[in-house]
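Visitor: Handing you a structure now.
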Amino acid sequence: MVPVMQWEAKRLGWLSEDEFYKDLSLAQSIPGPIAFTTAVMVGKRVAGFLGALLAGLAIVVPPFFAIVTVANLIKPFAGNIYVRGFLKGCYAAVIGLVFNVLYGLLKRQRWDIFRFGIISAGVVLLIFNSSLLIVVFLGVVGILYLKGEKMRCS
Amino acid sequence: MFLSLLMIFFKVGFFAFGGGWAIVGILRNEIISKDILSAEEFTELLSVAQITPGPVAINLATYTGYKYFGFLGAIMNTFVFLLAPLLIISALFLLARRVRVDKERWSGALTGITTVMVTVTIYSLFVPNIRDLLMVSIAVGVFLCIWKYKIHPLILIFLSGFIGAVFYGLL
């Protein structure tokens with residue numbers, strides 16, 4: 001989705017490649033689907049508040065109707081053994097896909113025993129109790145952020 | 001129950017870094033523990049959310065809202081999920097130059113927490129739901145196909161769906 005957005009924005013001359021990458025990198029460092037946050041920020045840059053609003057809506061509305069349509073299409077067949085088999089197969093594939101996401105994340109980091117320990121502790125705590133999310137989030141982000149500084153100074 | 005659904009999606013909205021997969025595990029645990037969906041229903045919803053165009057986390061929000069509270073539920077649940085990014089973007093524009101964050105360190109820390117959450121997602125998708133060898137084989141096969149042969153995930157997901165339909169339907 002993002003490469004298409006970049007290509008279109010460039011073609012229409014709305015913003016330079018530099019500006020696009022600035023918005024994209026900011027979009028990646030705040031929460032929310034990247035396509036959505038990027039759209040809102042590019043919208044803001046190109047046409048102010050109204051631009052942000054319209055860009056945000058434009059990126060949400062088509063999938064919204066796609067889901068509603070699919071939900072209605074699938075409803076009469078919810079009990080069908082083939083449809084259920086199909087969805088079960090898709091679900092297993094999704095797990096494989098998420099494995100690949102994790103693999104990409106693991107490869108991107110420089111690992112040491114400290115980082116491994118912090119991340120493992122976070123995983124164990126969250127599996128144990130997912131309502132600890134806020135604590136684990138602040139803990140892991142805080143520690144890794146501060147540790148980053150120390151490494152740089154030394 | 002509708003309110004607790006909205007609260008769940010509003011809350012996880014703040015933690016949805018690095019693509020939707022980080023929050024799927026947390027979402028699953030919360031949704032099932034609050035009895036909004038059964039484990040099997042969540043499996044179905046997640047599959048549909050993934051094969052429908054659009055970011056998977058938004059699709060999941062829309063579909064969960066729609067399934068239990070109709071059209072209005074879908075709109076509201078999608079909106080509350082996107083409220084966190086909207087609030088944070090607005091805050092950034094207001095505070096613009098007053099906040100100083102080292103970008104490299106921030107993104108390093110975010111990669112760390114995303115790793116934590118994606119691992120939790122895999123755990124919570126895998127451990128309670130995978131009952132047979134076929135699902136394990138599909139999951140491993142899909143991972144290898146994406147990693148080694150760079151085949152587009154959507155093709156693999158549909159292919160796995162057909163394999164599932166044939167095996168679970170006929171056998």
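Visitor: With respect to B:Phe42, is the statement that it is in contact with a helix residue (DSSP H, G or I) (Cβ under 7 Å, 6 or more places away or on another chain) and either modelled with pLDDT under 90 or surrounded by 19 or more Cβ atoms within 10 Å (Cβ to Cβ) (or both) true?
Guide: yes
Visitor: Quick one: in the stretch B:120-157, which of the residues that are of a type in the set (Ser, Thr, Tyr) and within 30 Å of A:Leu132 (Cα to Cα) is farthest from the other protein chains (Cβ to nearest Cβ)?
Guide: Kept after step one, since they are of a type in the set (Ser, Thr, Tyr), are these residues of the stretch B:120-157: B:121, B:123-124, B:137, B:149.
Subsequent filtering for residues that are within 30 Å of A:Leu132 (Cα to Cα) retains B:121, B:123-124.
Working: B:Thr121: 6, B:Tyr123: 6, B:Ser124: 7 Å.
The extreme case among them is B:Ser124.
Visitor: Can you give me the number of residues within the stretch A:12-25 that are open to solvent by 60 Å² or more (accessible area, probe 1.4 Å) and among the aliphatic types (A, V, I, L, M)?
Guide: Residues flagged as open to solvent by 60 Å² or more (accessible area, probe 1.4 Å) and among the aliphatic types (A, V, I, L, M) within the stretch A:12-25 amount to 1.
Visitor: Hey, another quick one. Would you call A:Ala47 facing another protein chain (nearest Cβ under 10 Å), surrounded by fewer than 22 Cβ atoms within 10 Å (Cβ to Cβ) and more than 19 Å from the chain's Cα centre (by Cα)?
Guide: Working: facing another protein chain (nearest Cβ under 10 Å): no; surrounded by fewer than 22 Cβ atoms within 10 Å (Cβ to Cβ): yes; more than 19 Å from the chain's Cα centre (by Cα): yes.
No; evaluated as a whole, the condition is false for this residue.
Visitor: Can you list the helices (runs of 4 or more DSSP H) found entirely within the stretch A:1-77 that contain at least 1 residues being within 30 Å of B:Tyr68 (Cβ to Cβ)?
Guide: Those helices (runs of 4 or more DSSP H) span A:34-74.
Visitor: Give A:Ile81, A:Ile34 a once-over and let me know the one that is in contact with a Gly (Cβ under 8 Å, 6 or more places away or on another chain), in contact (Cβ under 8 Å) with a residue 24 or more places away in the chain and open to solvent by 10 Å² or more (accessible area, probe 1.4 Å). Explain how you work it out, then say what you get.
Guide: On the way: A:Ile81 fails: in contact (Cβ under 8 Å) with a residue 24 or more places away in the chain.
Exactly one residue qualifies, and that residue is A:Ile34.
Visitor: Something else: Which one is farthest from the other protein chains (Cβ to nearest Cβ) among residues in the stretch A:96-120 that are open to solvent by 50 Å² or more (accessible area, probe 1.4 Å), more than 29 Å from B:Val142 (Cβ to Cβ) and free of Cβ contacts under 8 Å to residues at least 12 places away in the same chain? Break it down stepwise before answering.
Guide: Residues of the stretch A:96-120 that are open to solvent by 50 Å² or more (accessible area, probe 1.4 Å), as a first pass: A:99, A:103, A:106-108, A:110-114, A:116.
Checking which are more than 29 Å from B:Val142 (Cβ to Cβ) leaves us with A:112-114.
Now narrow it down to the ones that are free of Cβ contacts under 8 Å to residues at least 12 places away in the same chain: A:112-113.
Numbers: A:Asp112: 12, A:Ile113: 14 Å.
Out of the qualifying residues, it is A:Ile113.
The values are calculated or read from the model by the stated rules, or taken from the named source; none is laboratory data. Quick caveat: nothing in here was measured; it's all calculated off a predicted structure. No Cβ is skipped: glycine too gets one built from the backbone with ideal geometry, and neighbour counts run over all protein chains shown. Please note that ligands, DNA and RNA were not included when accessible areas were found on the heavy atoms of the full protein model with its side chains. Shrake-Rupley method; radii C 1.70, N 1.55, O 1.52, S 1.80 Å.
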